[in-house]
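Student: Right, I'll just put the structure down here and ask away after.
The values are calculated or read from the model by the stated rules, or taken from the named source; none is laboratory data. All values derive from a computational prediction rather than experimental measurement. Cβ sites come from the backbone with ideal geometry, for glycine too, and all protein chains shown count toward neighbours.
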């Protein structure tokens, strides 16, 4: 007998692009929507898109998006009869699911018991073994002492993977290749796990060498019917977090797909699962696969499955939650074409993907593909939340066509004002090891140098275009800009730098009509500027420059670009590459000294201080971890660059540090007192 519980109004307990995604389907189903938001998100797109909205607290997640009583109260006040958790935040929190049920609300997701069963990695592996699902050898015991965990790692054999039992999204996870590195890696994983999930418990697993990360999408109703929707390949990851996903997986045979699908369905049935879920597996080069974890929620990468199946997974979530039997049978599922998704993140690939925050000076996305985002021009990317701000999704007849289409989409996408991984994603998609297919989870680490390599010639061409635009004056100005625009008398000598810690490049600009002759590395440049060995001359003709667009010729080749000017700062997007140039010719001249080398340890971005491991006057050795900060759920260790003495400690655990603010200052020990290198 079926039990139907119609949903009239849903509260979406999330933010950003996933909140908007859920609301879009809710509107199609005739369901009213309620947004919740922190004070930092009061002007966010998901707030404006909802029928009703409620502020639930301060910006910190614990005070807002993780605040269960405030979310339940908001649902009651607005008359919602259901809550959709999205992904992240409380999506896999059994206490939240139970609180919804206790309040008479429909939780759009699995039961609290299923979340508990699969949310603890140790328990999940025991359940999966009992269901006959292959698992990676490891340790899931209750003894969490450092000594016991190290003994188990020694028994399993290195390399091993340390994983937070309550973890997800790559947090609380470390790979250890050598025994002597285990203690530090364990401390880091447990600290990160405690901060992110409230539990420092971990499991130890044998690290499968060069695996692919293949996951299976499952659907299950409350009547015991379950099917799978094929696989997704999520092997392109940095810091164990996915950045490119595709479906179906390259080279996955029909037999392997069937075996993995059957294992996933068996797992769902074994725990009485209800709703949309994902079984994640490691696939080795022999074709053997091993259960890794189950995500008891909608996945970030669900759009690629939607693209190749033609199904709306969020609509299916609503239908299952309302008690409707799953009408689909396994034989109804047909996979059509190939889909790729990329995650656009505010991060700096040249600094080990350090999260970034700030104002979006200009945002433009391609009109002919699926784009999921919660930002727009003028929006703020907050340091409090995940660094992902958009997803691009393409669908084509085959993988080669999908790659071409995604590369074109990335070139067209404009995200100015903060550093992003836009160019990095384009390089990943163009790399031969990715194009060939079958890349494993070590792809980014293995090819990091290629994927982040500087292109000096391209940089100097971009500088020439930027110098012409800065010299021209006028043009689009960033929203909310308070920087005065300086109109320079020509000929002018500019000094442009792309990064705050980089040396400036002196540039001489002459104008002849609409053409600017731009000389980089002028011989007259002061000694503290970075100059070329010989003069490098470019001719830039500005044909039209309005509303953030410029049509120009560079050395006789016509092209278009996007730009925003903010005083002496110019943001430029040209052929898939975004840069920020600042003219520092009117500022005090500086060669961009390396802070770490001088003993100044600074926060690389706006972040929270997790731990300070030293005191003023203490001696530290080169390589010692002095402080740990966290931004957007990622921890960064600040390491002593030399043997020294702590001169000043300017922060304490729990402090909020601004980007580039000083944390600790060290004095170098005399050479005679330093340890031999």
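Student: Residue by residue through the stretch 127-150, note down the ones that are in a helix (DSSP H, G or I), free of Cβ contacts under 8 Å to residues at least 40 places away in the same chain and either in the same structural domain as residue 216 (by TED's automatic domain parsing) or exposed (fewer than 14 other Cβ atoms within 10 Å of the Cβ) (or both).
Tutor: Within the stretch 127-150, 129, 147 meet the criteria.
Student: Which numbered condition trips up residue 320, out of (1) within 30 Å of residue 659 (Cα to Cα); (2) touching a residue at least 60 places away in the same chain (Cβ under 8 Å); (3) crowded, with 21+ Cβ neighbours inside 10 Å?
Tutor: Only one criterion in (1) within 30 Å of residue 659 (Cα to Cα); (2) touching a residue at least 60 places away in the same chain (Cβ under 8 Å); (3) crowded, with 21+ Cβ neighbours inside 10 Å is unmet by residue 320, namely (1).
Student: Mind listing just one residue for me: the one in the stretch 644-663 that is within 28 Å of the chain's Cα centre (by Cα) and assigned to a strand (DSSP E or B) and, of those, modelled with the lowest pLDDT?
Tutor: Selected residue: 657.
Student: Of the numbered conditions (1) outside any loop (DSSP other than H, G, I, E, B); (2) crowded, with 16+ Cβ neighbours inside 10 Å; (3) under 20 Å from the mean Cα position of the chain (by Cα), residue 385 satisfies every one except a single condition; which is it?
Tutor: Only one criterion is unmet by residue 385, namely (1).
Student: Can you give me the number of residues within the stretch 328-357 that are surrounded by fewer than 17 Cβ atoms within 10 Å (Cβ to Cβ) and either part of a helix (DSSP H, G or I) or at pLDDT below 95 (or both)?
Tutor: 6
Student: What tally of residues in the stretch 528-544 results from selecting those that are closer than 19 Å to residue 582 by Cα and modelled with pLDDT under 90?
Tutor: Total meeting the criteria: 5.
Student: Give me the pairs, please: first residue somewhere in the stretch 615-642 and in the same structural domain as residue 354 (by TED's automatic domain parsing) and over 21 Å from residue 183 (Cβ atoms), second residue anywhere and at pLDDT below 80 and part of a loop (DSSP other than H, G, I, E, B), beta-carbon distance under 9 Å, and either six or more positions apart or on two chains.
Tutor: Filtered contacts from the stretch 615-642: no entries.
Student: Consider residue 502 carefully, then state whether it is at pLDDT below 80 and either in contact with a strand residue (DSSP E or B) (Cβ under 8 Å, 6 or more places away or on another chain) or surrounded by 12 or more Cβ atoms within 10 Å (Cβ to Cβ) (or both).
Tutor: yes
Student: Check 228, 213 and return the single one that is out of contact with any helix residue (DSSP H, G or I) (no Cβ under 9 Å at 6 or more places or on another chain), in a strand (DSSP E or B) and surrounded by 20 or more Cβ atoms within 10 Å (Cβ to Cβ). Can you show your working first?
Tutor: Values: 228 fails: out of contact with any helix residue (DSSP H, G or I) (no Cβ under 9 Å at 6 or more places or on another chain).
From the options 228, 213, the qualifying one is 213.
Student: Could you say whether any residue in the stretch 84-94 is modelled with pLDDT of 95 or more and part of a strand (DSSP E or B)?
Tutor: Among the residues of the stretch 84-94, at least one is modelled with pLDDT of 95 or more and part of a strand (DSSP E or B), which makes the answer yes.
Student: Another question, then. Looking at the stretch 163-175 only, could you name the residues that are farther than 25 Å from residue 266 by Cβ and either assigned to a loop (DSSP other than H, G, I, E, B) or at pLDDT 95 or above (or both)?
Tutor: Scanning the stretch 163-175 gives 169, 170, 171, 172.
Student: Determine, yes or no, whether residue 439 is in the same structural domain as residue 553 (by TED's automatic domain parsing) and modelled with pLDDT of 75 or more.
Tutor: No; evaluated as a whole, the condition is false for this residue.
Student: Inside the stretch 575-643, counting only strands (runs of 3 or more DSSP E) that do not spill past its ends, which hold 3 or more residues that are modelled with pLDDT of 90 or more and within 25 Å of residue 346 (Cα to Cα)?
Tutor: Working: elements: 577-583, 600-602, 607-612, 625-631, 634-639.
It comes to 577-583, 607-612.
Student: Among the residues of the stretch 14-36, how many are over 17 Å from residue 76 (Cβ atoms) and part of a strand (DSSP E or B)?
Tutor: Final tally of qualifying residues: 0.
Student: Can you spot a residue in the stretch 25-38 that is surrounded by fewer than 17 Cβ atoms within 10 Å (Cβ to Cβ), in contact (Cβ under 8 Å) with a residue 24 or more places away in the chain and not assigned by TED's automatic domain parsing to the domain that holds residue 383?
Tutor: Yes, the stretch 25-38 contains at least one residue that is surrounded by fewer than 17 Cβ atoms within 10 Å (Cβ to Cβ), in contact (Cβ under 8 Å) with a residue 24 or more places away in the chain and not assigned by TED's automatic domain parsing to the domain that holds residue 383.
Student: Could you pull out every one of the helices (runs of 4 or more DSSP H) wholly within the stretch 401-478 that has 1 or more residues that are touching a strand residue (DSSP E or B) at 6+ places or on another chain (Cβ under 6 Å) and surrounded by 15 or more Cβ atoms within 10 Å (Cβ to Cβ)?
Tutor: Working: elements: 422-430, 432-436, 443-446, 448-452, 456-472.
The qualifying helices (runs of 4 or more DSSP H) are 422-430, 443-446, 456-472.
Student: Of all residues in the stretch 44-76, how many are within 28 Å of residue 654 (Cβ to Cβ), over 22 Å from the mean Cα position of the chain (by Cα) and in a loop (DSSP other than H, G, I, E, B)?
Tutor: The qualifying residues number 2.
Student: Residue pairs, Cβ under 8 Å, 6 or more apart or interchain, first in the stretch 183-198 and touching a residue at least 40 places away in the same chain (Cβ under 8 Å), second part of a helix (DSSP H, G or I) and surrounded by fewer than 18 Cβ atoms within 10 Å (Cβ to Cβ). List them.
Tutor: 186/146; 186/150
Student: If you don't mind, another one. Exactly one condition in (1) assigned to a loop (DSSP other than H, G, I, E, B); (2) in contact with a helix residue (DSSP H, G or I) (Cβ under 7 Å, 6 or more places away or on another chain); (3) free of Cβ contacts under 8 Å to residues at least 60 places away in the same chain is false for residue 98; which is it?
Tutor: Residue 98 satisfies all of (1) assigned to a loop (DSSP other than H, G, I, E, B); (2) in contact with a helix residue (DSSP H, G or I) (Cβ under 7 Å, 6 or more places away or on another chain); (3) free of Cβ contacts under 8 Å to residues at least 60 places away in the same chain except (1).
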